[in-house]
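Visitor: One structure, as structure tokens, below. Some questions next.
The values are calculated or read from the model by the stated rules, or taken from the named source; none is laboratory data. In this text the structure is predicted, and so the values were computed from the model without any measurement. Because the Cβ atoms are built from the backbone with ideal geometry, glycine has one as well, and the counts that use them run over all protein chains shown. These accessible areas exclude ligands, DNA and RNA; they are computed on the full protein's heavy atoms, side chains included. Shrake-Rupley method; radii C 1.70, N 1.55, O 1.52, S 1.80 Å.
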Amino acid sequence: MRAGIEALPDGRYEARDELEPIDGTLELHATVTIAGDSVDIDFTGTSGQHDGNLNCPVAVARSACFYVVRVLVDPDLPASGGAFAPITVRAPEGCLLNARPPAAVAAGNVETSSRIVDVVMRAFGEAIDVPAQGQGTMNNVTLGHDRFTYYETIGGGQGACPGAGGPSGVHVAMSNTLSTPVEALELQYPIRVERYGLRLGSGGAGRHHGGDGVVRELRVLEDCRLSIISERRARAPQGERGGAAGSPGRNLLNGEALPAKITRDLAAGDVVRIETPGGGGFGR
């Protein structure tokens, strides 16, 4: 790890990004300082913790940062405390990425973590070539009532990298859940899968194209409740080195747009449609 970091150009590099809470925006600010065989990642300037659940314990921020450095330096390096010793991660107490009790942190793990990867990767992009941004969300969908609960995360487009296009319909950075077979889902739950396929053309153009997102359409067969926690509905995944942005995601109920985060009651026959973001392209 130290040898890989030492090969990176010394310097101080910054990047910003925004999250999409129910009201307003939340800013992420990362400053990456490379000095010899060590890296310091500082989140000073990030928004303070908020009343929603996009807050993170600092352990989540550290994990996301370790992941980025490992991807850029040596993806096959075994994870260990020693491998991460050259990396320092700092976030002011009480900020979004180092929240204090009683802050809610559920979406911090599943959504904010993905966006930490985006902003830290973009800061490293000031020094070296890095992949374009991927979907930056897990597209969390929950359906249920007092007799069943179904929760899934949905893949999207990965950003293109300097040497190849991004894969389509995959989880990006966060989440390792597999795709439940449609037949198994429909046997176990009062849900019908109306459509499940790639969202063709949603990846950003470039010398290398970003991966395409996914279209997931679910019809509920009983009255139930829907909850969605998603990101990248207002702010698209960005390309790198002149590559175009991927398409932002969309959430719809019976054809009408829903916000990125919502809970509401559904009636039997309602159709929920999730269109996940595509990845950014790389190069002109």
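Visitor: Can you give me the number of residues within the stretch 78-125 that are free of Cβ contacts under 8 Å to residues at least 40 places away in the same chain and assigned to a strand (DSSP E or B)?
Guide: Matching residues across the stretch 78-125 total 0.
Visitor: Check off (1) closer than 23 Å to Tyr151 by Cα; (2) touching a strand residue (DSSP E or B) at 6+ places or on another chain (Cβ under 6 Å); (3) not aliphatic (A, V, I, L, M) for Glu222 and give me the number that stays unchecked.
Guide: (2)
Visitor: Right, here's the next one. Please find, within the stretch 1-49, the residue that is nearest to Cys95 (Cα to Cα) out of those that are open to solvent by 30 Å² or more (accessible area, probe 1.4 Å) and of a type in the set (A, V, I, L, M).
Guide: So the residue we want is Ile22.
Visitor: Within the stretch 265-279, track down each residue that is surrounded by fewer than 17 Cβ atoms within 10 Å (Cβ to Cβ) and touching a strand residue (DSSP E or B) at 6+ places or on another chain (Cβ under 6 Å).
Guide: Matches in the stretch 265-279: Asp265, Val271.
Visitor: Would you please list the contacts, defined by Cβ atoms under 6 Å and residues six or more apart or on different chains, that run from a residue in the stretch 13-34 that is within 14 Å of Met121 (Cα to Cα) to a residue that is of a type in the set (Asp, Glu) and part of a strand (DSSP E or B)?
Guide: Here the result reads Leu28/Asp17; Thr31/Glu14; Thr31/Asp42; Thr33/Asp40, each pair linking the stretch 13-34 to a residue that is of a type in the set (Asp, Glu) and part of a strand (DSSP E or B).
Visitor: Considering the stretch 225-266 alone, what residues qualify as being among the acidic types (Asp, Glu) and more than 19 Å from Tyr151 (Cβ to Cβ)?
Guide: Glu240, Glu256
Visitor: Something else: So, in the stretch 1-58, exactly how many residues are under 23 Å from Ala106 (Cβ atoms), assigned to a strand (DSSP E or B), out of contact with any Gly (no Cβ under 7 Å at 6 or more places or on another chain) and of a type outside the set (A, V, I, L, M)?
Guide: Selection size over the stretch 1-58: 3.
Visitor: Filter the stretch 215-258 down to residues that are open to solvent by less than 10 Å² (accessible area, probe 1.4 Å) and among the β-branched types (Val, Ile, Thr) and give me whichever is nearest to Asp23 (Cα to Cα).
Guide: Among those residues, the one meeting the criterion is Ile228.
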